[in-house]
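What follows draws every value from the coordinates through simple rules; no lab data is involved. Keep in mind that this is a model prediction, so the values were computed, not measured.
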Amino acid sequence: MMGWTAGARTLAATLLEERLMTTTFQKRQKEMKRIEKRKMKEEKRAQRKLDKTNAPEIEHDPASDPTIDWNHSNEISSHE
């Protein structure tokens with residue numbers, strides 16, 4: 001910094017410090033957002049796991065389905 005006045009040095013130092021602080025703040029904000037996103041994902045994963053364990057697996061038996069016509073009474077007969 002040869003040939004710089006004291007005021008110019010102070011201004012340059014202030015601008016550099018301000019830029020570093022802004023960068024540091026932005027990095028901290030980005031990191032906080034990343035951490036928050038990771039926590040949300042972990043919570044969702046845990047909730048899905050809980051939902052999966054709490055919901056009993058219901059085996060669907062097609063034979064007990066009332067909407068199925070096992071006698072084929074609704075089919076049109078082609079041999080009359």
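Using the alpha-carbon atoms, what tilt in degrees (0 to 90, nearest 10) does helix 6-54 show relative to the longest principal axis of the chain?
Rounded to the nearest ten degrees, it is 20.
Within the chain, how many Lys pairs sit with Cα atoms under 15 Å apart, leaving out pairs fewer than 8 places apart on the same chain?
4
Of the listed values (i) 0.96; (ii) 1.04; (iii) 1.71, grab the one calculated as Rg/Rh (Cα atoms, Kirkwood Rh) from the structure here.
The calculated read-out lines up with (iii).
Grab the DSSP H runs of the chain that are 4 residues or longer, score each as -39,500 (n - 2.57), total them, divide by all residues and round the 222 nm result to the nearest 500 deg cm²/dmol.
After summing the helix terms and dividing by the residues of the chain, the value is -23000 deg cm²/dmol.
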